[in-house]
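Engineer: Handing you this structure, nothing more for now.
What follows is calculated from the coordinates using simple rules that are stated; it is not laboratory data. Values in this document were obtained by computation on a predicted structure and should not be read as measured data. Every residue, glycine as well, gets a Cβ built from its backbone with ideal geometry; the counts of neighbours run over all protein chains shown.
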Amino acid sequence: MAAESNLSAVLYGKDDLRLEHRDIKLPGENEVQIAMRSVGICGSDVKYWTHGKCGRFVLDEPMVMGHESSGTVVAVGRGVTHLAKGDRVAIEPGVPCRTCRICKEGRYNLCADMKFCATPPVHGSLCRLYNHAADFCYKLPAHVSFEEGAMLEPLSVAVYTCQRGEVRVGSKVLIFGAGPIGLLCLLVAKTRGASSVAITDIDDYRLAVAKEYGADHVIKVATNDSQALARTIADEMGGQPDVSLECSGVDSSFVTAIYATRSGGVVVLVGRGSLDVDVPIVNAAVREVDIRGVFRYCNNYPQALAMVASGQIDTKRLITHNFTLEDSLQAFHTANSRQSRAIKVMINCS
Ligand SMILES: [Zn+2]
Ligand SMILES: [Zn+2]
């Protein structure tokens, strides 16, 4: 395909998303070239667009957006044996070095040399043609759609989060934030056998969606008093939760999560609020509430794909809006607007 046909959505800076044609090289020895199909917009994408940064990552130069994606293999490098032209694949966006100590220990998500799509300075996959490491592409069974392939990215976050939180049969689970990650955590927690899942949000519509998705309790956050909210949660759930999954990125929710979780329980921090947060750490320490971080996911794409392929989890229901690559800017506006009631915005790049 001619280079000028590689239309790409490029973020130049805060509030400056442009469509432009970019060159594309042939795939490297262990890479595949993918004709992109579905790319989901994530909270982090919106954050880069509205703020020019996300957490510790700052945009210094133009970057192609997109990291939740799938497409069709159109060319393979010489060393690639497990994929062929025509294969439909989901793309795991982070490629680690594979050789450092932490990679060898199996926690490759923490690799210091990770190259992750649409995390500065690495380009993403919101474009027509994209090259990626073949061993981080997963072939989709015929009955799994491209959109479901793209949804494996946020689903992997939820699978990893529930794994870190040790959500299991009989668990009482509290989730902060009924956005895409919170909702996916709800679905995964239920699949893992959680007996009771409560979810909090400030938005009535999102809470109604969570109820529809099977939340046993929905709790509207209408106070800044974390200890009072923790008591309300315990009353509502008939006891304190074993596990709290903080998916809202709101600092006060992290505080509430500590107060709300039962002694000996676990708080998992998925959302990203401020870089420094004041939390009642001594309260957590004396009650042996473990606080665990989550950074993306690690070896979870195969599990996420198996859950979708077997019909255990339906991620399609989260997709509320569809746009074409040409309408990427509108897609970002929609993802960023509360009024749009968007849960997952999907872009079709073909
Ligand atoms: Zn994402
Ligand atoms: Zn490494």
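Engineer: Angle between the Cα long axis of helix 226-237 and the longest principal axis of the chain, 0 to 90 degrees, nearest 10?
Structural biologist: The angle comes out at about 90 degrees.
Engineer: So, one more: Using a 10 angstrom Cβ neighbour count of at most 14 plus a DSSP loop assignment to flag exposed GluC sites (Glu not before Pro), which longest range of the chain is free of such sites?
Structural biologist: My reading of the result: 106-287 is the longest stretch.
Engineer: Counting each DSSP H run of 4 or more residues in the chain as -39500 (n - 2.57), what helix-only mean residue ellipticity at 222 nm follows after dividing by all residues, to the nearest 500 deg cm²/dmol?
Structural biologist: -8500 deg cm²/dmol, from helical runs alone.
Engineer: Within 10 Å of each candidate Cβ there may be at most 10 other Cβ atoms; applying that plus a DSSP loop requirement, which trypsin sites (Lys or Arg not before Pro) in the stretch 1-109 survive? Can you show the working numbers first?
Structural biologist: Numbers: sites: Lys14, Arg18, Arg22, Lys25, Arg37, Lys47, Lys53, Arg56, Arg78, Lys85, Arg88, Arg98, Arg101, Lys104, Arg107; in loops: Lys14, Arg22, Lys25, Arg56, Arg78, Lys85, Arg98, Arg107.
For trypsin sites (Lys or Arg not before Pro) across the stretch 1-109 that sit outside H, G, I, E and B with at most 10 neighbouring Cβ atoms in 10 Å, the list reads Lys25, Arg56, Arg78.
Engineer: Right, here's the next one. Measuring from a point 7 Å past the Cα of Glu29 along Cα-to-C-beta, which residues in the stretch 76-116 have an amide N at less than 15 Å?
Structural biologist: 77-81
Engineer: Here's another thing I want to ask about it. For the chain, with a Gaussian network of springs between Cα atoms less than 10 Å apart, report the residue from Leu59, Leu174, Leu184 with the top mean-square fluctuation.
Structural biologist: Of the options given, Leu59 has the highest mean-square fluctuation.
Engineer: For the chain, give the share of DSSP beta bridges that are antiparallel, in percent and rounded to the nearest 5; count only bridges with both residues there.
Structural biologist: Approximately 60 percent, going by the DSSP bridge assignments.
Engineer: With r as the distance between the Cβ atoms of Thr81 and Lys104 and R0 = 30 Å, compute the FRET efficiency 1/(1 + (r/R0)^6) and round to 0.05.
Structural biologist: 0.85
Engineer: Additional query: Kirkwood hydrodynamic radius, computed over distinct alpha-carbon pairs, for the stretch 251-350: how many Å, to one decimal?
Structural biologist: About 17.0 Å for the stretch 251-350.
Engineer: Could you check which residue among Val157, Val308, Val169 shows the biggest mean-square fluctuation in a GNM of the chain with a 10 Å Cα cutoff?
Structural biologist: Most flexible of the set in this elastic network: Val169.
Engineer: Further question: If R0 is 22 Å, what FRET efficiency do you get for Arg272 and Ile202 from their C-beta distance, rounded to 0.05?
Structural biologist: 0.80
Engineer: Looking only at the stretch 48-64, which residues have a backbone nitrogen under 14 Å from a spot 7 Å from the Cα of Glu20 in the C-beta direction?
Structural biologist: 60-64
Engineer: Follow-up question, since we're still on this one. Just to confirm the number: angle between the C-alpha axis of helix 180-191 and the first principal axis of the chain, 0 to 90 degrees, nearest 10?
Structural biologist: Helix 180-191 sits roughly 70 degrees off the main axis of the chain.
Engineer: Of the residues Val277, Val218, Val39, which exhibits the maximal mean-square fluctuation in a Gaussian network model of the chain defined by a 10 Å Cα contact cut-off?
Structural biologist: Ranking Val277, Val218, Val39 by mean-square fluctuation puts Val277 first.
Engineer: From the P(r) of the stretch 159-317, could you give the percentage of C-alpha pairs in the tail past 20 Å?
Structural biologist: In whole percent, the share of Cα-Cα pairs in the stretch 159-317 beyond 20 Å is 44.
Engineer: Further question on the same structure: What is the fewest-to-most order of Ser226, Ser195, Ser70 by other Cβ atoms lying within 10 Å of their Cβ?
Structural biologist: Ranking Ser226, Ser195, Ser70 by Cβ neighbours within 10 Å, fewest first, gives Ser195, Ser226, Ser70.
Engineer: May I pose another question? Can you put Thr50, Thr320 in order, fewest other beta carbons within 10 Å first? Display every interim value, and only then the final one.
Structural biologist: Working: Thr50 13, Thr320 16.
Starting with the residue having the fewest Cβ neighbours, the order is Thr50, Thr320.
Engineer: While we're here: Using the number of other C-beta atoms within 10 angstrom as an exposure proxy, rank Ile347, Ile281, Ile219 with the fewest first.
Structural biologist: Least to most surrounded, the residues fall as Ile281, Ile219, Ile347.
Engineer: Per residue, what volume in Å³ does the Cα convex hull of the chain take up?
Structural biologist: It comes to 131 Å³ per residue, whole-number rounded.
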